[in-house]
Amino acid sequence: MDPRFVGIPDLAEAPSAPSVAVVVDVMRAFTVAAWAFDRGAEKIVLAGSLDEALALKARHPDWVALKDGPAAPGFDAVNSPGLLRSVDLGGRTVVQKTTAGTVGALAVKDASLVLCAGFVVAEATARLLRTRRSDSVTFVVTGDDGRADEDLACAEYIARRVTEARTDAGGFLRRAAGSRAAAELAEGVRQGVHPDDVALCLEADRFPFAMVAALEGSLMVLRPRAVPAPAGEVPV
């Protein structure tokens with residue numbers, strides 16, 4: 001597999017959509033998405049703007065709308081895994097709008113396969129990529145215009161796991177733990193934060209599913225996809 005690592009601005013200059021894209025947002029969009037599925041959410045609609053999220057919520061009052069930053073009128077939750085992990089989302093639809101993660105996913109909506117990932121679903125994501133046997137995979141490093149070390153570390157970890165299934169997560173997690181995003185969350189620079197958010201974002205391979213985004217009508221919808229371990233594979 002030939003991995004390519006790009007930021008969101010790079011996608012605008014590409015002549016065509018990538019065939020396979022892995023959109024990485026560790027802190028915190030796709031950690032939150034994974035927790036939402038763990039808490040029972042059926043699907044996540046990735047909104048292109050706060051106004052779109054609010055409009056979807058207005059049309060579907062039973063949907064759960066969440067955003068980055070502090071709580072705001074019209075939104076039910078904030079983009080924090082620590083806060084979301086105690087919420088019952090059984091059978092619900094979540095509308096998610098974040099600064100980087102949802103933007104990155106929408107930027108590659110025309111790809112034949114779009115996976116959204118953080119460390120918590122890294123192995124399942126790598127396993128799905130192994131089954132696809134794709135020659136080229138574009139990893140979208142969403143934070144800081146492609147320079148966010150927590151996202152790049154996660155993208156590189158997933159890429160390595162595709163070809164070397166026993167790759168250890170330790171060094172990649174240490175890079176992410178030392179990132180600017182981790183420091184800002186720990187120091188309270190960002191709003192809508194739980195004290196456990198950084199630790200929850202750095203739990204490698206916690207969930208056994210990958211997250212696949214695809215257009216359903218006019219909406220980009222994220223759903224979990226179970227990726228069982230091959231028979232005889234020993235967990236790392």
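Please treat every number below as a calculation from the coordinates, not as lab data. None of the values given here were measured: they were computed from a predicted structure. Quick reminder, even Gly has a Cβ in these numbers, built from the backbone with ideal geometry, and neighbours come from all protein chains shown.
I want to check the label-to-label distance for E52 and D145. Put each point 7 Å from Cα in the C-beta direction and report it in nm to one decimal.
Simple spin-label model gives 2.3 nm for this pair.
Per DSSP H run of n ≥ 4, the term is -39500 (n - 2.57); total these for the chain, divide by its residue number, and report the mean residue ellipticity at 222 nm rounded to 500 deg cm²/dmol.
Values: 10 runs with 83 residues, N = 236.
About -9500 deg cm²/dmol.
Just to verify a number: FRET efficiency for S86 and A14, C-beta to C-beta distance, R0 = 30 Å, to 0.05?
On the way: r = 40 Å, r/R0 = 1.34.
After rounding, the FRET efficiency stands at 0.15.
If Lys and Arg each add +1 and Asp and Glu each add -1, what is the summed charge of the other residues whose beta carbon sits under 12 Å from the beta carbon of G69? It would help to have the intermediate numbers written out before the result.
Details: positive: R28, K67, K97, R190; negative: D68.
Summing Lys and Arg as +1 and Asp and Glu as -1 gives +3.
What label, among [x] 16.4, 50; [y] 21.9, 74; [z] 19.7, 60, belongs to Rg and Dmax of the Cα atoms in Å computed from the structure on display?
For Rg and Dmax of the Cα atoms in Å, the calculated option is [x].
Multiply the residue gap between T99 and D135 by 0.36 nm, knock off their C-alpha separation, and tell me the result in nm, one decimal place.
Values: separation 36, 0.36 × 36 = 12.96 nm, distance 3.01 nm.
Taking 0.36 nm per residue and subtracting the Cα distance, the gain is 9.9 nm.
Between A165 and R4, what FRET efficiency follows from the Cβ-Cβ distance if R0 is 25 Å, with the result rounded to 0.05? Present the calculation step by step, with values, prior to reporting the outcome.
Numbers: r = 21 Å, r/R0 = 0.84.
The formula returns an efficiency of 0.75 here.
Count charges around D25 for me, please; just the other residues with Cβ under 12 Å from its Cβ, Lys/Arg as +1, Asp/Glu as -1.
Details: positive: R28; negative: D68, D144, E150, D151.
Counting the neighbours of D25, the net charge comes to -3.
What percent do you get for the relative contact order of the chain when only Cα pairs under 8 Å and 6+ apart count?
Working: 510 pairs, mean separation 73.1, N = 236.
Relative CO of the chain lands at 31 percent.
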